[in-house]
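The values are calculated or read from the model by the stated rules, or taken from the named source; none is laboratory data. Please read these numbers as outputs of a predicted model, since none were measured by experiment. Methodologically, a virtual Cβ is constructed for each residue, glycine included, from the backbone with ideal geometry; neighbour enumeration extends over all protein chains shown. Heads up: the accessible areas ignore ligands, DNA and RNA and are worked out on the full protein's heavy atoms, side chains in. Shrake-Rupley method; radii C 1.70, N 1.55, O 1.52, S 1.80 Å.
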Amino acid sequence: MLLDFKGVTAIYGRPGAGKTSLAMRIVHERIKAGERVLWISLYEDKETLLKNAESLGYDLSKAEVWDMIFVKTDAILNQVVSAVSQSDYKLVVVDSISSVVEGASRGNI
């Protein structure tokens with residue numbers, strides 16, 4: 001099942017609710033469909049992300065992964081906007097966006 005999101009979609013919930021697992025499934029399906037995907041991780045490195053996805057049966061190895069754990073909030077927002085506006089990504093996942101939202105003004109989001 002290929003979920004077709006348009007525009008910006010936020011998936012939110014309490015820790016452990018399955019947000020990241022759902023995003024992994026969506027990315028896995030998009031990659032299988034031949035789409036270009038960017039995963040921006042704000043709390044785990046690429047190796048950990050790929051291992052965690054694999055443990056759930058998802059192959060994210062063909063996704064472009066940015067691990068931006070220790071990057072300043074404004075730099076993250078600028079890089080994401082630049083990457084999305086100048087690329088042909090079909091899906092961009094920003095995992096653990098709460099760390100960006102907490103440090104940014106609502107207008108920037």
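Take residue 62 and decide whether it is touching a helix residue (DSSP H, G or I) at 6+ places or on another chain (Cβ under 7 Å), modelled with pLDDT of 90 or more and among the basic types (Lys, Arg). Taking the combined requirement at face value, the residue satisfies it. Residue pairs whose Cβ atoms lie under 8 Å apart, separated by 6 or more positions or on different chains, with the first residue in the range 76-94 and part of a helix (DSSP H, G or I) and the second polar (S, T, N, Q) and surrounded by 12 or more Cβ atoms within 10 Å (Cβ to Cβ), are 77/108. Among the numbered conditions (1) loosely packed, with under 11 Cβ neighbours inside 10 Å; (2) in a helix (DSSP H, G or I), tell me where residue 10 comes up short. All conditions pass for residue 10, except number (2). Looking across the range 37-65 at every residue that is among the aromatic types (Phe, Trp, Tyr) and out of contact with any Lys or Arg (no Cβ under 8 Å at 6 or more places or on another chain), the one that is surrounded by the fewest Cβ atoms within 10 Å (Cβ to Cβ) is identified as 43. Screening the candidates 82, 99 for the property of being of a type in the set (Gly, Ala, Ser), at pLDDT 80 or above and open to solvent by less than 70 Å² (accessible area, probe 1.4 Å) yields one hit, 82. A single entry from 49, 60 fulfils the requirement of being closer than 23 Å to residue 17 by Cβ and part of a loop (DSSP other than H, G, I, E, B): 60. Apart from one condition, residue 34 fits all of (1) open to solvent by 50 Å² or more (accessible area, probe 1.4 Å); (2) in contact with a Ser or Thr (Cβ under 9 Å, 6 or more places away or on another chain); (3) within 18 Å of residue 91 (Cβ to Cβ); (4) modelled with pLDDT of 90 or more; the exception is (2).
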